[in-house]
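The structure under discussion appears below in the form of structure tokens.
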């Protein structure tokens, strides 16, 4: 059925026996894209509704379709009017106060449109994004539709990108709305409302009277915001309190065949001079070193894992110098235009059934990586590595269609390039090389060195964000060979403090500690800046190696490390500030987070008064996040989670109230310059 | 009765510190008829390993003629010498020289706050409750008093020392002489907290002493276990303060 004249849709008389279907997406861009694909490009628009015919198969068959959309959540929950006053009834009453669910004022028209359209439809198909929030928005749409047609049937389209074939397949494979996910989100919404309001009022009521600029600021509390702020404050004090210490080591060099080789000590470094001297002396007494091992073996540098949201944000902040939030906005735009898959995903493994070669094929026309993609098509293709995460909803982020840089904005272009290069790297092969390990015994001490020659760059040719270089060539050594080292020296160094957190570090911390979902992390980070709890400064030319930690999976010998393989090494292992970490050059000019007076006061205040369950720590929030997951998995219920979490936070609230003096005391300092960086005042 | 020499042989066969005659007599005559050798040995072992080697009172349980360190063992001017006899010693202090003291301070302070870090993850440490089975019922009721227990448990779990860790111990012989000892080769039984204060070791004849420091290797050093509870507790309690003092963080800056 094609309409040529735009007319108000509800006036169209339904044809007898006509199967009418109402489709609703989460936002206009998706609505338009889906309508475009299902209709084959020929649809008519009425207001924001698209009309066309489509054969859904299954029991519905050929139907006339109206496609429309909402704009995010339709409803919000709020307290009743008796609770609007900030001081009375007292904030703790908000933990149990009645709440009501309303359609947003500015969304009434949208809700009405859905109700109106539902009147003529037998089936409602939900096309919201396939994640927890999307599921909840789906339920809101159902509620709105049932106002117009209580008997309407409901189905959900499961899709993760707006590529044509994928959308068509989703339309013919409709599923049910997942009530568990809906419940999880509504529990989260209720908890955020109660906890957020109670603590925001508590903090504000107590701190505003301290006067000064505090009287003007919004002192909000959020169950994700605070732990996020907590990370910044915690790192800040770790930097500030740091005490450098000297350490000693032994360095050995040998000249052979005109080449100089440096061997490193198996003990790396010792924090005691006397012991180091003692061992050094025994080395010298031994005079000759003996080669105990010469091993030449193939080595590889692993190609990256398929891209998740968290990794995308980390890469965008580190490599493209965008903020996490910017990156998500840009990615969202690329997704809405159908260039990349859904950018909110935890999955780092591609489904075996996906036709990745076809996606690679689409990139062969590109000026920059086209030849590389062509190489993959011509036989270089390798199945990507598989990480351990699967959210069962979306594939890893990957390009859907090729797009010329000229039609993209500067940032879109760069992000698209990253996503595409990463994808092609995933479909390529590990870089290969030959490593030579030489081990020496010198007295009782052991030393070793490693030489690497890169033989095949493979994925590195397209993944320009990583490098792997030949080390200087090693001279030939044989096992049993003895020689007097050209030089054996005692070395001395000093530990240096960790770096302030970069946005990438912060995202990684939030991820590891379950603060926020990958989709909301960037917003929380933005929020604590908006609230003037933290500020960013440019990191100077410090040379400490903290940033190197982000470069997971440098070059590994064992099994491929799964996502975040490098994470566990945060402590100790890598000589922080030791001779080994001289890669700070790249880190210069990076934005880092430092707390303000106010930010420090809030965290210290809560840390000091509620020791067990400080709101500045990630534990409470993490528990809540796990509960959400449990609801989704069906192992607990919304009611049980609400009861438990509310009781927990109320306990903390009462504790905080008892000791509010502590918070006030710390905040007194912040009164004068709340938004000034903490360090500026102390120094 | 040949019970005493029999028991003595059994004790020495286990490399345990040589017992005094009075101790052997007390053990074998405490009950009549005396318990079988294996249970006497077990009792003797427990007592010997928990004793203070330097106790010289009349009730001392260590053989007063057992070998001790040579007089000049701690002479820094001597480049290398070797122990002439098997010598039993007890551990009075231990440090990990591979970690900066500040790193250890940060870890201990985190544990005091009830946290631990695993990679980037911050983990809350919950004290094991007495009722055991109800451990997960109410974490919020955890009292101030139970926290040190949690801290100790957590600390025990974390600081075992890696494959390349180098520890320095202070060892004491029967006469109370104290000497530094360093792991020349890694000995897996040695670690902060893993090694108890008061733990007994046997340094074998031939063990190298360089510049006044005993060089420990698995071949020359046998860990016997044991612990002097009071010492260990005091040592644990004072560890944070000692670490801070040694990096100078105890003074206001």
In the stretch A:477-501, anything surrounded by 18 or more Cβ atoms within 10 Å (Cβ to Cβ), within 13 Å of chain B (Cβ to nearest Cβ) and not in a loop (DSSP other than H, G, I, E, B) is listed as A:501
Filter the stretch A:509-537 for residues that are part of a loop (DSSP other than H, G, I, E, B) and either closer than 15 Å to residue A:230 by Cα or modelled with pLDDT of 90 or more (or both); the one that is farthest from the other protein chains (Cβ to nearest Cβ) is A:532
I'd like to check which helices (runs of 4 or more DSSP H) are fully inside the stretch A:581-683 and have at least 1 residues that are at pLDDT 80 or above, out of contact with any strand residue (DSSP E or B) (no Cβ under 8 Å at 6 or more places or on another chain) and closer than 21 Å to residue A:499 by Cα.
A:597-609
In the list A:331, A:327, A:404, which residue meets the criterion of being over 30 Å from residue A:505 (Cβ atoms) and modelled with pLDDT of 90 or more?
A:404
Is it the case that residue A:282 is closer than 30 Å to residue B:75 by Cα, within 14 Å of another protein chain (Cβ to nearest Cβ) and part of a loop (DSSP other than H, G, I, E, B)?
no
In the list A:430, A:366, which residue meets the criterion of being surrounded by fewer than 23 Cβ atoms within 10 Å (Cβ to Cβ), in contact (Cβ under 8 Å) with a residue 60 or more places away in the chain and in contact with a helix residue (DSSP H, G or I) (Cβ under 8 Å, 6 or more places away or on another chain)?
A:430
Residue within the stretch B:186-195 that is touching a helix residue (DSSP H, G or I) at 6+ places or on another chain (Cβ under 8 Å), at pLDDT below 95, more than 11 Å from chain A (Cβ to nearest Cβ) and in a loop (DSSP other than H, G, I, E, B) present
yes
Every residue in the stretch A:347-369 that is part of a loop (DSSP other than H, G, I, E, B) and more than 21 Å from residue A:132 (Cα to Cα), please.
A:352, A:353, A:354, A:355, A:362, A:363, A:364, A:365, A:366, A:367, A:368, A:369
Taking strands (runs of 3 or more DSSP E) that fall entirely within the stretch A:85-195, which contain at least 3 residues that are free of Cβ contacts under 8 Å to residues at least 40 places away in the same chain and surrounded by fewer than 21 Cβ atoms within 10 Å (Cβ to Cβ)?
A:99-103, A:153-156
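A quick yes/no check of all residues on (1) buried (at least 21 other Cβ atoms within 10 Å of the Cβ); (2) outside any helix (DSSP H, G or I); (3) within 14 Å of another protein chain (Cβ to nearest Cβ):
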site: A:250; (1), (2), (3): yes, yes, yes
site: A:263; (1), (2), (3): yes, yes, no
site: A:293; (1), (2), (3): no, yes, no
site: A:297; (1), (2), (3): no, yes, no
site: A:310; (1), (2), (3): yes, no, yes
site: A:329; (1), (2), (3): no, no, no
site: A:345; (1), (2), (3): yes, yes, no
Is there any pair with a first residue in the stretch A:297-322 that is more than 22 Å from residue A:427 (Cβ to Cβ) and a second that is assigned to a strand (DSSP E or B) whose Cβ atoms are under 9 Å apart and which are 6 or more apart or on different chains, and what are they?
A:297/A:434; A:297/A:435; A:297/A:436; A:297/A:437; A:317/A:502; A:317/A:591; A:318/A:502; A:321/A:591
Those residues that are surrounded by fewer than 18 Cβ atoms within 10 Å (Cβ to Cβ) and farther than 30 Å from residue A:186 by Cα, I need them from the stretch A:54-83; list them, please.
A:55, A:57, A:58, A:59, A:61, A:62
Considering the stretch B:219-249 alone, what residues qualify as being in a loop (DSSP other than H, G, I, E, B) and surrounded by 15 or more Cβ atoms within 10 Å (Cβ to Cβ)?
B:220, B:226, B:227, B:228, B:249
Restricting the stretch B:167-186 to residues that are farther than 20 Å from residue B:70 by Cβ and out of contact with any strand residue (DSSP E or B) (no Cβ under 6 Å at 6 or more places or on another chain), the one surrounded by the fewest Cβ atoms within 10 Å (Cβ to Cβ) turns out to be B:185
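The values are calculated or read from the model by the stated rules, or taken from the named source; none is laboratory data. Worth saying up front: this structure is predicted, and the values here are computed from it rather than measured. We place every Cβ from the backbone using ideal geometry, glycine too, and count neighbours over all the protein chains shown.
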